[in-house]
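S.K.: Structure in structure tokens, see below.
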Amino acid sequence: MIKILLVDDHAVVRMGLSMLLSTHPGMHVIGEASEGNEGIRKALEMKPDVVVMDLSMPHGKDGLSATSELKKQMPEVNILILTMHDDEEYLFRAIQAGAAGCILKSAPHDELLSAIQTVSQGDAYLHPSATKRLMEEYLGGLKQGNTDTFNLLSDREKEVLTLVAKGFSNKEIAEQLVISVKTVETHKGNLMEKLQMKTRPELVAYAVKKGLLGYGL
């Protein structure tokens, strides 16, 4: 049984979603919230498997902020963003905030059910038009030679990058990661070479863009 928490500022929308999900034998709506702060509180209390989070909530905390905050406190929760914006900017920001997927409010009912099942299993879900745009952007980047080099970094190099961007010295990074200063310098040199960057400001800007500091551009 998939335990679901609904977070949407419109009571009618929550009621409609609850009625729809109640028709599925493997899903159970355990709670509702009208804005992000309430959604976070109820999620921490009720421990849902999936939170269906509205993107635009004018009162209280919005969906993106709530998603980011909730993922920090409950990394294991799967959040499905519900939005009426078929815009790649919102899609990228939702993914960066930690959402497991996005679905349009205009999507057919069976697609919503499928999306909830998908994210409940720890997999990512994107509505078809978003997937198409992401593929087009990725393939366009390949043609232009602009592939993202972030995946070339090792886990340790990503840790060093994050700490460098936060302003820690090589010695402080060495102490935190329990490695030598020389090893830190080696990792730092390698990651800068992979990213083709030469200065700390470049690394900071890149880390912010990647959401490594807890917020993004």
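S.K.: Under a plain spin-label model, where a point goes 7 Å from the Cα along Cα-to-Cβ, how far apart in nm are LEU177 and MET1?
M.R.: Between LEU177 and MET1, the label points sit 4.6 nm apart.
S.K.: Between LYS166 and LYS198, what length comes free when the chain is fully extended (0.36 nm per residue of separation minus the Cα-Cα distance, one decimal in nm)?
M.R.: The LYS166-LYS198 span can extend by a further 9.9 nm.
S.K.: Okay, moving on. If I take R0 = 30 Å and measure r between the Cβ atoms of LEU213 and MET15 in this structure, what FRET efficiency does the formula 1/(1 + (r/R0)^6) give, to the nearest 0.05?
M.R.: Efficiency computed from Cβ-Cβ geometry: 0.15.
S.K.: For the chain, find the longest principal axis of its Cα atoms and tell me its angle to the long axis of helix 155-165, 0 to 90°, nearest 10.
M.R.: 80
S.K.: Is there a quick way to get the dipole size of the chain? I mean about its Cα centre, with the Cβ of Lys and Arg at +1 and of Asp and Glu at -1; what is the value in debye to the nearest 20?
M.R.: 700
S.K.: Between LYS72 and LEU152, what FRET efficiency comes out of the Förster formula 1/(1 + (r/R0)^6) with R0 = 25 Å and r the beta carbon distance, rounded to 0.05?
M.R.: The calculated FRET efficiency here is 0.40.
S.K.: Just to confirm a number: summing +1 for Lys and Arg and -1 for Asp and Glu over residues other than ASP8 whose beta-carbon lies under 14 angstrom from that of ASP8, what do you get?
M.R.: Neighbour charge sum, excluding ASP8 itself: -2.
S.K.: Segment 33-122: which GluC sites (Glu not before Pro) are DSSP loop and have at most 10 other beta-carbon atoms within 10 angstrom?
M.R.: In loop regions of segment 33-122 (DSSP not H, G, I, E or B), the sparsely surrounded GluC sites (Glu not before Pro) are GLU76.
S.K.: So how many Å³ per residue does the convex hull of the Cα atoms of segment 2-138 work out to?
M.R.: Value for segment 2-138: 93 Å³ per residue.
S.K.: So between LYS47 and SER106, what do we pick up on full extension, going 0.36 nm a residue minus the alpha carbon distance?
M.R.: 18.5 nm
Each value in this text was obtained by applying a stated rule to the coordinates, not by laboratory testing. The structure presented is a predicted model; accordingly, all values stated were derived computationally and were not measured. In this analysis, Cβ positions are derived from the backbone assuming ideal geometry, glycine residues included, and neighbour counts consider all displayed protein chains.
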